[in-house]
Amino acid sequence: MSLASCQAQWARALAEGAFDEAAAFVAGNGLAPQRRLWVYHNQLRLAWRDALETTYPVVLALTGRRYFRNAARGYGGWHRAPTGNLRDFGAAFADYLEKRPELALYPYLPDVARLEWIRTESVAAAEEPGLPLALLAAIDGQAWAHLRLRLAPSLRLFASPYPVARIFAAASGRVDKQAARKALQQREAAAVVVYRQGRAVTMETLMPANWRWLLALAHGRPLAEAVALGCETAARMDGAFDLRAALAWTFDRQLVTAIDP
């Protein structure tokens, strides 16, 4: 048998608990090969569980420890991590939760998980210094239309039909849970921005027009196009897009790291 086949059987034994084939390559030495494999298999499941509990503490708080650990076991058999780094293991957990039929009564839960995941991405992102607004003010106004504002690597933007930021804050004990329940009943949507300042991850809910403007900038769109999208979004909601306020908000939070002509 080739080394690749042996490794594949070993991986199946660890991930799925299919010990029979891999047991042929394990020396007993006083303990049955299947039992030895079970020890490694169980340790792997515990590592999966601990990794998910660390990454998704709010989902854990919302579902309860017993349900969460059962879901973690199921996820470990359903998902294969793209790397050997446990930090990457939880990348598809929200997609897995979306497939569990018993969670149909809690349709917001996968989006809460997605919000938690992008917070971990923000923590791990590179850090680049922000620019002062004065640098933009010094540029000729006629050139503004074509400028591209490069945003901080830690910036993440997330939109959901559910009030995920309120649910997150309530489950974390930072706001009254009744407010989150009321927002759910009213089908309140959320346009969320996540970014890091130093070691602290900050999450804010924006007006849709400001969120759409920021999303356009994050995708590398010129300033004029981003403003047009912000104005279009505001008009659909009978509002107005305030460019001055949007720029002040973005620069005040040190989110602009470069200005490209």
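The values are calculated or read from the model by the stated rules, or taken from the named source; none is laboratory data. All values derive from a computational prediction rather than experimental measurement. When we count neighbours, we look across all protein chains shown, and the Cβ atoms used for this are built from the backbone with ideal geometry, even at glycine.
Worth a mention:
- Filter pass, Leu60 being at pLDDT 85 or above, buried (at least 19 other Cβ atoms within 10 Å of the Cβ), of a type in the set (A, V, I, L, M, F, W, C) and touching a Phe, Trp or Tyr at 6+ places or on another chain (Cβ under 6 Å): yes
- Residue list for segment 99-115, filter: surrounded by fewer than 16 Cβ atoms within 10 Å (Cβ to Cβ) and not in a loop (DSSP other than H, G, I, E, B): Lys99, Pro101, Glu102, Ala104, Leu105
- Comparison of Leu131, Leu97, Leu151 shows that the only residue that is over 12 Å from the mean Cα position of the chain (by Cα), closer than 14 Å to Tyr56 by Cα and modelled with pLDDT of 95 or more is Leu97.
- Residue match in segment 73-95 (condition: more than 19 Å from Leu46 (Cα to Cα), outside the structural domain of Gln185 (by TED's automatic domain parsing) and surrounded by 12 or more Cβ atoms within 10 Å (Cβ to Cβ)): yes
- Of everything in segment 175-212 that is within 21 Å of Ala228 (Cα to Cα) and in contact with a Leu (Cβ under 8 Å, 6 or more places away or on another chain), the residue that is surrounded by the fewest Cβ atoms within 10 Å (Cβ to Cβ) is Leu206.
- For segment 170-185, the count of residues that are within 23 Å of Phe241 (Cα to Cα) and not aliphatic (A, V, I, L, M) is zero.
- Check on Asp111, in contact with a strand residue (DSSP E or B) (Cβ under 6 Å, 6 or more places away or on another chain) and either without any contact (Cβ under 8 Å) to a residue 24 or more places away in the chain or over 30 Å from Ile259 (Cβ atoms) (or both): yes
- The condition (being in contact with a helix residue (DSSP H, G or I) (Cβ under 8 Å, 6 or more places away or on another chain), crowded, with 19+ Cβ neighbours inside 10 Å and basic (Lys, Arg)) is satisfied by just one residue among Arg148, Arg156: Arg156.
- The listed residue being loosely packed, with under 13 Cβ neighbours inside 10 Å and on the phi > 0 side of the Ramachandran plot, out of Asp260, Asp238, Asp252: Asp238
- When each of Glu121, Glu128 is tested for being in a loop (DSSP other than H, G, I, E, B), assigned by TED's automatic domain parsing to the domain that holds Glu225 and under 25 Å from Trp211 (Cα atoms), the lone residue that passes is Glu128.
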